[in-house]
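All remarks here apply to the structure that follows.
The values are calculated or read from the model by the stated rules, or taken from the named source; none is laboratory data. All values derive from a computational prediction rather than experimental measurement. Because the Cβ atoms are built from the backbone with ideal geometry, glycine has one as well, and the counts that use them run over all protein chains shown. The protein model used for the area step is the full one, side chains on, heavy atoms only, and it has no ligands, DNA or RNA in it. Shrake-Rupley method; radii C 1.70, N 1.55, O 1.52, S 1.80 Å.
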Amino acid sequence: MAKQLDYHAIHAIFSRFQALEPEPKGELEHVNAFTLVVAVALSAQATDISVNKATRALFAIADTPEKMLALGEERLIEHIKTIGLFRNKAKNVIRLSQILHEQFGGVVPSSRAALQSLPGVGRKTANVVLQMWFGHPAHAVDTHVFRVSNRTGIAPGRDELAVERALEDHVPAGFQQHSHHWLILHGRYICVARKPKCGICPIREWCLYEDKTE
């Protein structure tokens, strides 16, 4: 774990990210808040690519809680059976659809607590939905965000919640809206797990990672 970078270094890093990609976007395909919740829930221990392949046809016929309930668990399974843990995920999607229909009038709630009350929706999923759909500067700490935050010194922490708090505390306000996606994309394509591509890293000059590659 690197030490905590200071304000000026963090500001420089996110200024560089912003210059390279002013409006970063999440890679999970969705058409509304409900399909985003479902897509993020399905993406646990799966790649965005695999989820997108499975959900294109699914969301064409079931893009509301009511339509998902009408589809039913068995037909849902047929759509998502290429995704890991598909049976358990199918149960959760049907249950969360039922709760959204019965308790929220079919509308996805906009608070973290309410989102986390849905089956299969943890803090990370709730933060993704809050950030991507509702524009709340929440930080969903997945493996990419956790790795980049600790390697670089942007927001070191021993667990996901510690990193989330450090990001909230240290990322300058002007960058909070997009910092989640900048970090994910950096971890997915540059600061990869086994052999980070330090030779082409746009923030190398500020990064505190001791084992930089060429």
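What accessible area, in Å² to the nearest ten, does a 1.4 Å probe give for THR47? Here the accessible area works out near 80 Å².
Summary value for the range 162-214: 22 percent relative contact order, contacts being C-alpha pairs under 8 angstrom separated by 6+ residues. Taking a Cβ cut-off of under 12 Å around ARG95, the surrounding Lys, Arg, Asp and Glu residues balance to a net charge of 0, with basic ones at +1 and acidic ones at -1.
Placing +1 on the Cβ of every Lys and Arg and -1 on the Cβ of every Asp and Glu, with no other charges, gives the range 1-107 a dipole of roughly 300 debye about its Cα centre.
Would you please give the FRET efficiency between GLU73 and ARG165, computed as 1/(1 + (r/R0)^6) with r the Cβ-Cβ distance and R0 = 41 Å, to the nearest 0.05? Computed FRET efficiency for GLU73 and ARG165: 0.65. For the range 18-116, the fraction of alpha-carbon pairs lying more than 20 Å apart is 35 percent, rounded to a whole number.
So for the range 139-214, what percent of the C-alpha to C-alpha distances run longer than 20 Å?
On the way: 640 of 2850 pairs.
The share of Cα pairs beyond 20 Å in the range 139-214 comes to 22 percent.
Centre-to-centre separation between the Cα atoms of the range 23-66 and those of the range 131-177: 22 Å. Build a GNM of the chain with springs between Cα atoms under 10 Å: which of ARG75, ARG147, ARG194 gets the top mean-square fluctuation? Among ARG75, ARG147, ARG194, the largest GNM mean-square fluctuation belongs to ARG194. Treating r as the C-beta distance of ILE49 and GLN103 and R0 as 41 Å, the FRET efficiency rounds to 0.80. Take every Cα pair under 8 Å whose residues are at least 6 apart in sequence, average their separation, divide by the length of the range 1-76, and the relative contact order is 24 percent. In sequence order, the range 91-105 has phi-based couplings of 4, 5, 4, 5, 5, 5, 5, 4, 5, 4, 5, 7, 9, 10, x Hz under the Karplus curve 6.51 cos²θ - 1.76 cosθ + 1.60, θ = phi - 60°, and Gly or Pro positions carry x. Once you put a point 7 Å from the Cα of LEU20 and another 7 Å from the Cα of ASN88, both along the Cβ direction, what distance in nm separates them? Here the modelled spin labels are 3.5 nm apart.
Take every pair of alpha-carbon atoms less than 8 Å apart whose residues are at least six positions apart; their mean separation over the length of the range 1-134 yields a relative contact order of 23 percent. In the elastic network of the chain, a GNM with C-alpha springs shorter than 10 Å, the most mobile of SER111, SER179, SER97 is SER111.
Taking a straight line from the alpha carbon of LYS3, these aspartates and glutamates sit under 17 Å away, with near neighbours fewer than eight places off in the same chain left out: ASP159, GLU160, GLU164, GLU168, ASP169, GLU205, GLU210, ASP211. Under 5 Å between amide hydrogens, built in the peptide plane, is the criterion, and for ALA2 it picks out GLY153 among residues at least 5 positions away or on other chains.
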